[in-house]
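Written below as structure tokens is the structure these notes are about.
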Amino acid sequence: MLRLAIAIAILFASFGAGSGKGADCGVLGDCRAGAYSADGYNLAALAGVDPTGVKDSTAAINAAFSQVCSQTNAKVVVPAGATFKISSTIEISGCTGLLLDCESGAGHKGGFVWNGPPGGTVMEINRTGHSIFRGCQIYAGTANIGLNIDESPTGSTITTHNTFEHITVSQNSGAPNARFIGIDLASAGPGNVEQQIFRDILLYCGNTPNSGITATSNGIGFLIPDVAGPEPFHVVLSDFEIGNCSRGIDIHGADTELIEIEGGLTENDYTDLMIESGHLIEYRHVRSEGAVMPVVLSSGDQIIIDHAVFSGLPKGGTAISLPKNNATDLTVSYSEWDDEDPTQTVISRNISGHTVLLNNRYRPGCPDLSGFGAVIQLMSMDPPTMCDTYFNWGLSATPLRMGLPTKNPHVPGALWNNGGVVSVSSG
């Protein structure tokens with residue numbers, strides 16, 4: 001009986017190792033040392049994967065994710081410095097609770113390196129929810145898209161509640177690519193791509209800082225495109241750095257709402273923030289350096305720009321541009337213009353919308369608010385003097401100026417009706 005028991009035990013042990021379904025092999029069935037442990041699947045140690053970046057690893061990595069995503073709450077780790085040569089898109093699809101932990105992180109020369117033909121996408125995350133992607137670097141090279149997050153027409157799960165942190169996407173081919181997109185959010189999906197959180201994100205649209213960058217030459221760092229259906233509700237982009245892009249952040253989706261852009265640095269973009277549609281968008285604690293047209297609001301409404309700094313505008317430049325004069329419900333507060341250049345324009349006219357300017361510091365000089373539609377300016381400064389307090393909320397908002405004298409009373413601080421605009425007398 002003892003010999004029989006030993007023989008059965010050996011048989012089961014051999015079956016587990018050979019079939020790849022033993023307790024130490026995981027769903028991938030790779031029982032080689034280091035491939036699977038309680039810490040998850042080691043992508044660099046799996047069969048067919050070359051972590052030195054010499055041989056192409058695309059097929060092996062895609063096969064691995066296809067099986068890993070068949071289970072919930074799987075973990076895939078990438079050791080520091082591992083480099084994977086990629087010739088076609090890495091597909092991460094249908095996952096729930098996945099943790100992809102690339103220990104390469106910022107400052108390490110590891111990650112996914114595009115070696116395919118010009119165009120294409122390096123990595124796509126599709127119909128995946130409640131997952132975390134951490135520390136990964138994507139060297140896009142001649143690819144058009146570094147990271148695409150979407151919900152393709154087929155499948156039952158939606159793309160929701162994902163977190164991306166310590167991610168770098170770089171267009172490192174050396175030549176400008178007008179079609180480049182660092183992160184493309186919801187470009188095709190028919191259903192919700194929502195609750196996507198991005199923290200500590202580095203996006204570079206080219207290697208040469210501000211070298212002849214135009215409004216279209218260098219592509220886009222972070223894009224929410226104009227596509228019906230995805231409904232990118234509540235997207236957070238924080239603690240980011242974006243550089244050398246024609247458009248650092250481009251919000252274009254009509255169904256886009258509750259976008260929080262919170263805390264970041266931009267450098268040498270042509271435009272840092274372009275809003276072409278969407279509403280309930282907040283842009284806070286961002287420093288702009290070297291942009292030609294830092295903020296362009298072609299459309300959109302209920303937009304807040306708060307605690308922003310604009311530095312290094314060109315002569316005659318405009319910090320906040322409204323080319324169609326129709327961004328409605330725009331608030332700019334507690335922000336600062338660094339350059340003492342009177343040729344610069346603080347904000348272009350918002351004719352048909354509502355504008356509130358609160359406690360800003362305008363070193364180029366106080367903004368010219370004539371020609372604006374409904375506008376309020378309070379407690380804003382052109383160092384070392386205070387800018388005029390200004391109220392004009394349109395013809396329908398008359399109570400503010402009703403009963404005020406129609407001539408300057410020449411009493412410091414007194415309000416008077418200055419041709420339909422509430423002004424403060426300086427005495």
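The values are calculated or read from the model by the stated rules, or taken from the named source; none is laboratory data. Note that this is a predicted model, so its numbers are computed, not measured. As a convention, Cβ positions derive from the backbone with ideal geometry for all residues, glycine included, and neighbour counts pool all protein chains shown.
State whether the residues of the range 351-358 include one that is buried (at least 17 other Cβ atoms within 10 Å of the Cβ), over 30 Å from residue 212 (Cβ atoms) and among the aliphatic types (A, V, I, L, M).
Yes: one or more hits.
Just to be sure, is residue 313 outside any loop (DSSP other than H, G, I, E, B) and touching a strand residue (DSSP E or B) at 6+ places or on another chain (Cβ under 9 Å)?
In short, no.
If you go through the range 268-301, how many residues are assigned to a loop (DSSP other than H, G, I, E, B) and either of a type in the set (S, T, N, Q) or under 16 Å from residue 355 (Cβ atoms) (or both)?
Within the range 268-301, residues that are assigned to a loop (DSSP other than H, G, I, E, B) and either of a type in the set (S, T, N, Q) or under 16 Å from residue 355 (Cβ atoms) (or both) number 5.
For every residue, the table says whether it meets (1) out of contact with any Lys or Arg (no Cβ under 8 Å at 6 or more places or on another chain); (2) at negative phi; (3) touching a residue at least 12 places away in the same chain (Cβ under 8 Å).
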residue: 45; (1), (2), (3): no, yes, yes
residue: 59; (1), (2), (3): yes, yes, no
residue: 69; (1), (2), (3): yes, yes, yes
residue: 72; (1), (2), (3): yes, yes, yes
residue: 87; (1), (2), (3): yes, yes, yes
residue: 101; (1), (2), (3): no, yes, yes
residue: 111; (1), (2), (3): yes, no, yes
residue: 114; (1), (2), (3): yes, yes, yes
residue: 124; (1), (2), (3): yes, yes, yes
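Would you confirm whether any residue within the range 277-298 is under 21 Å from residue 147 (Cβ atoms) and acidic (Asp, Glu)?
No, the range 277-298 contains no residue that is under 21 Å from residue 147 (Cβ atoms) and acidic (Asp, Glu).
Name the single residue that is surrounded by the most Cβ atoms within 10 Å (Cβ to Cβ) among those in the range 43-58 being within 29 Å of the chain's Cα centre (by Cα) and farther than 21 Å from residue 96 by Cβ.
Selected residue: 57.
What are the residues in the range 366-386 that are surrounded by 13 or more Cβ atoms within 10 Å (Cβ to Cβ), modelled with pLDDT under 85 and part of a loop (DSSP other than H, G, I, E, B), if any?
Those that are surrounded by 13 or more Cβ atoms within 10 Å (Cβ to Cβ), modelled with pLDDT under 85 and part of a loop (DSSP other than H, G, I, E, B): 369, 372, 373, 379.
Could you please find all residues in the range 159-185 being in contact with an Asp or Glu (Cβ under 6 Å, 6 or more places away or on another chain) and surrounded by fewer than 24 Cβ atoms within 10 Å (Cβ to Cβ)?
160, 165, 166
Which condition number in (1) touching a Pro at 6+ places or on another chain (Cβ under 7 Å); (2) at pLDDT 75 or above; (3) exposed (fewer than 11 other Cβ atoms within 10 Å of the Cβ) is the one that residue 416 fails?
(3)
Please list, ordered by residue number, the strands (runs of 3 or more DSSP E) wholly in the range 1-116 having 2 or more residues that are at pLDDT 90 or above and under 30 Å from residue 204 (Cβ atoms).
Of the strands (runs of 3 or more DSSP E) lying wholly inside the range 1-116, those with at least 2 residues that are at pLDDT 90 or above and under 30 Å from residue 204 (Cβ atoms) span 52-56, 75-78, 83-86, 90-93, 99-102, 111-114.
Within the range 299-328, take every residue that is touching a residue at least 40 places away in the same chain (Cβ under 8 Å) and among the small types (Gly, Ala, Ser) and give me the one that is farthest from residue 256 (Cα to Cα).
This residue is 327.
Out of the residues in the range 215-255 meeting the condition of being part of a loop (DSSP other than H, G, I, E, B), more than 21 Å from residue 171 (Cα to Cα) and of a type in the set (A, V, I, L, M, F, W, C), tell me which one is modelled with the lowest pLDDT.
Filtering the range 215-255 for residues that are part of a loop (DSSP other than H, G, I, E, B), more than 21 Å from residue 171 (Cα to Cα) and of a type in the set (A, V, I, L, M, F, W, C), the one modelled with the lowest pLDDT comes out as 228.
Which residue is farthest from the chain's Cα centre (by Cα), if the candidates are limited to the range 320-365 and must be more than 21 Å from residue 389 (Cβ to Cβ) and in a strand (DSSP E or B)?
328
Give me the residue from the range 313-325 that is surrounded by 17 or more Cβ atoms within 10 Å (Cβ to Cβ) and not hydrophobic (A, V, I, L, M, F, W, C) and, out of that set, farthest from residue 359 (Cα to Cα).
Step by step, filter the range 313-325, then rank; the result is 317.
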